[in-house]
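Input: a single structure, listed below in structure tokens.
Values quoted throughout were computed directly from the atomic coordinates according to the rules given, and no laboratory measurement underlies them. Note that the coordinates shown come from a computational prediction; the quantities given were computed from them, not determined experimentally. Backbone-built Cβ (ideal geometry, glycine too); neighbour counts: all protein chains shown.
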């Protein structure tokens, strides 16, 4: 069928809405009409750094309505509301033990440009278009593997839910699934974008006593306080490590580092208590550490966390339930954009104007 999709023709080029061909869903696949899709930093990384093949249709935080089922699909029906999350094989040791975020073929399935069977579902003028994260949700419709489509509560505004598939899941899951902070503990979030603010909301759910937000934008720090932070630190105006130690009485138990800035990564370690843990979730270049002083001498840990170590089919509905109960107000992060404003949405995200842009594709 003919659909509309935002094509990225080559590395660094703008998104351009074009008419493209979408194949029918194959074995174990569903076709989804995209209602809305989040704009994520990972899409910008793919566009600008070429971590996936071109030409490509990016987008990996889609939410929509199931329109058609391929052969062998169970658990989903036409009309179901779904959130699309990352691709995973479902059969390797990590997938089968509840860690699909480190699936043996995670990079191949999400960044390799093809579907599970090695084929393509998108084409333009007879030329295959690469798929991103097994969904390519910058489009009016998408064909996805059914295991990557998470059925959600139809009473909740579907247009809001796409970011739960990646960015918001990453922040909240890092806290609730991986760090699992003890009641009354302290946690510092470095970087108050969508990932960091989601971590703050999750820390409040977990019952952390001190939740410290670190950023350089006063508007984001103010929002962090409204969403659950107990203290804020402006990293441009204050000595971050000293302030964390002052607030916590010697350092934090936990940290979530979402900026990807090497100097901030070291701050997240240096501001920990002995035996503290810093979770690195941002795309981070090479960092120079003094392993003895920064880690080993005080028994600290630095861990990497992908997609919040989440099992989307379980975790995303939990986040939706917290949202319905008023305990996870991630809607405060969202600003809607029309499809033709896609390049503007990316600029607003880059410049800090909007925390989480969401393209509203259809009603």
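I'd like the distance separating the alpha-carbon centroids of the stretch 61-124 and the stretch 288-363, in whole Å.
Centre-to-centre (Cα) distance: 20 Å.
Nearest-5 percent of antiparallel DSSP beta bridges in the chain?
Once the DSSP bridges in the chain are tallied, antiparallel ones form about 55 percent.
With label points built 7 Å along Cα→Cβ from the Cα atoms of residue 313 and residue 347, find their separation and express it in nm.
4.3
Mind sorting 176, 122 by how few other Cβ atoms lie within 10 Å of their own Cβ, fewest first?
176, 122
Calculate I(q)/I(0) for the chain by the Debye formula, one identical point scatterer on each C-alpha and no solvent, and give its log10 at q = 0.13 Å⁻¹ to two decimals.
Once normalised to I(0) and log-transformed, intensities are -0.97.
Taking neighbour Cβ counts within 10 Å as the exposure measure, how do 22, 164 sort from fewest upward? List each step's numbers first, then the result.
Values: 22 22, 164 30.
In increasing order of surrounding Cβ atoms, one gets 22, 164.
Kindly list the residues of the stretch 140-163 that lie in the label zone of residue 78, defined by a backbone N under 16 Å from the point 7 Å along the Cα-to-C-beta vector.
Residues passing the 16 Å test: none.
If you average 1/r over all unlike Cα pairs in the stretch 302-345 and invert the result, what Kirkwood radius do you get in angstrom?
13.1 Å is the Kirkwood radius here.
Order of 227, 161 from fewest to most other C-beta atoms within 10 Å?
Arranged by neighbour count, lowest to highest, 227, 161 become 227, 161.
Residues in the stretch 56-70 near a label at residue 157, defined as backbone nitrogen under 18 Å from the 7 Å Cα→Cβ point?
Only 62-65 fall inside the zone, counting backbone N under 18 Å.
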